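Enquirer: Quick one: structure below, then a few questions.
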């Protein structure tokens, strides 16, 4: 698994949930399918008059979520920027060719009200619930930075094994200190809550 494969999986899903924040700090989510994929980037079309467009222009932060039929969750966190002005027509044409239904939504020259945003830098979280133990991993595209998440067992560990007993995925290994297999961790925090000596620390980031 890598970032390029994750982008391919997003393409197969087709309709993706795009989350932004409005000027009042309220979360907003839209389903978007007017998307073109490159191996290391994606481009999407919206109308300049939409709140979605205004939120992207004012802030740019966006989170994109897909869930596949194989119980895979793919989450892309990035900053969306308008594609360069001299490339707008190229990407609009590409997106309309790949998504013929858009001609019904924006017939004739009405597509001129649209704008294409590009995402070239971002962080991808891949999470497969369809296997046991579950599998998760993070990747980046461009200059994106992946945020460390989950839990870690520190040197304060006394080796009592309480964390192993409460781990739903059995992804903790005995040792000095005990070790969490991060690629199989659910991030549910049972080890954090049950440790009798508070040897488990929460890593940065949010679920």
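Enquirer: Looking at 193, 118, 165, 112 in this structure, which one is closer than 30 Å to residue 96 by Cα, touching a helix residue (DSSP H, G or I) at 6+ places or on another chain (Cβ under 9 Å) and assigned to a helix (DSSP H, G or I)?
Expert: Exactly one residue qualifies, and that residue is 112.
Enquirer: Restricting to segment 5-16, give me the number of residues that are surrounded by 15 or more Cβ atoms within 10 Å (Cβ to Cβ) and farther than 16 Å from residue 118 by Cα.
Expert: Summing the residues that are surrounded by 15 or more Cβ atoms within 10 Å (Cβ to Cβ) and farther than 16 Å from residue 118 by Cα in segment 5-16 gives 3.
Enquirer: Regarding residue 133, is this residue in the same structural domain as residue 59 (by TED's automatic domain parsing), surrounded by 15 or more Cβ atoms within 10 Å (Cβ to Cβ), part of a loop (DSSP other than H, G, I, E, B) and touching a residue at least 12 places away in the same chain (Cβ under 8 Å)?
Expert: So residue 133 fits the description; yes.
Enquirer: Out of 17, 34, 3, which single residue is modelled with pLDDT of 95 or more and within 14 Å of the chain's Cα centre (by Cα)?
Expert: It is 17.
Enquirer: Then there's this: Can you spot a residue in segment 64-84 that is over 20 Å from the mean Cα position of the chain (by Cα) and assigned by TED's automatic domain parsing to the domain that holds residue 26?
Expert: There is at least one residue in segment 64-84 that is over 20 Å from the mean Cα position of the chain (by Cα) and assigned by TED's automatic domain parsing to the domain that holds residue 26.
Enquirer: Any idea which of (1) modelled with pLDDT of 95 or more; (2) crowded, with 19+ Cβ neighbours inside 10 Å is the one residue 144 doesn't satisfy?
Expert: The number of the failed condition is (1).
Enquirer: In addition: How many residues does segment 37-56 hold that are in contact with a helix residue (DSSP H, G or I) (Cβ under 7 Å, 6 or more places away or on another chain) and modelled with pLDDT of 95 or more?
Expert: Count: 8.
Enquirer: In segment 44-55, is there at least one residue being under 30 Å from residue 131 (Cα atoms) and surrounded by 15 or more Cβ atoms within 10 Å (Cβ to Cβ)?
Expert: No, segment 44-55 contains no residue that is under 30 Å from residue 131 (Cα atoms) and surrounded by 15 or more Cβ atoms within 10 Å (Cβ to Cβ).
The values are calculated or read from the model by the stated rules, or taken from the named source; none is laboratory data. Predicted model only: the values in this text are computed from it and were never measured. Heads up, the Cβs are rebuilt from the backbone with ideal geometry, glycines too, and the neighbour counts pull from every protein chain shown.
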